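The values are calculated or read from the model by the stated rules, or taken from the named source; none is laboratory data. As the structure is a prediction and not an experimental result, all values here were calculated from the model. FYI the Cβ positions are ideal-geometry reconstructions off the backbone, even for glycines, and counts take in every protein chain you see.
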Amino acid sequence: MSSTSQAPQAVSVSQLGLSSDEVAALQHAQREAAAGGSSSSRAASRASSQGLLLLDSGSLAQLGRHFERLMQQISQQLDHLTNQSELVTMSVYDHAGNLIDNADAEIRRFQLIMSQIDELEIEFDRIRHIRDIVRDYRQRVQEMERALENSHSSSSRSGGHHSGGSSSRHGHGHSSHGHSRHHHSSSRRERR
């Protein structure tokens, strides 16, 4: 009978303010995160196939961790490509500072590396945007869960004799996932 006061179970991905590419990335991440095989993972996968984001703090936390891992992988790829571009730049010239014979091929290689860096930076920004939205929903869900816990505990206190047993276990992990990992955004190279 308390179902009327409960938080919504899911939200349509069309309401998240994502582009079509970001929606596709979110749904792909939901399916990948569901590969863990837990019941909440399977529920999240079913929600994804229906175009929904499950508003469950556990599945949202799992999605958030998945996006953090993706961003870390992209950052590592960007580091590797940046090192490669520096090596190519150095190899285009000989010790006297003159262009080497196959400079054209090296310059083409450099341009290819730079285009890969651009694509990865766009992907990094896309994943970070989705991660931030997922994290925001997770925080909102946790706040609603705490509000429901508080309302239940206060109503049970008003009906019983001893008070104050439930307020001590309050606030688990609201900000534990709040570390933001922005160390590899497109600010590394202002190309706009």
Worksheet item: Of the numbered conditions (1) outside any loop (DSSP other than H, G, I, E, B); (2) free of Cβ contacts under 8 Å to residues at least 60 places away in the same chain; (3) surrounded by fewer than 15 Cβ atoms within 10 Å (Cβ to Cβ), D118 satisfies every one except a single condition; which is it?
Response: (2)
Practice prompt. State whether the residues of the range 51-63 include one that is of a type outside the set (D, E), touching a residue at least 24 places away in the same chain (Cβ under 8 Å), touching a Leu at 6+ places or on another chain (Cβ under 6 Å) and under 29 Å from V11 (Cβ atoms).
Written response: no
Item to complete: Find the residue count for the range 82-98, including only residues that are of a type in the set (A, V, I, L, M) and surrounded by fewer than 17 Cβ atoms within 10 Å (Cβ to Cβ).
Response: 3
Item to complete: Scan (1) within 24 Å of S19 (Cβ to Cβ); (2) at pLDDT 95 or above; (3) among the aliphatic types (A, V, I, L, M) for the single condition L81 breaks and write down its number.
Response: (1)
Discussion item. Yes or no: the range 111-125 includes at least one residue that is within 14 Å of F67 (Cα to Cα), touching a Phe, Trp or Tyr at 6+ places or on another chain (Cβ under 9 Å) and not hydroxyl-bearing (S, T, Y).
Written reply: no
Worksheet entry | Total residues in the range 65-103, condition free of Cβ contacts under 8 Å to residues at least 40 places away in the same chain, in contact with an Asp or Glu (Cβ under 9 Å, 6 or more places away or on another chain) and assigned to a helix (DSSP H, G or I) | 4
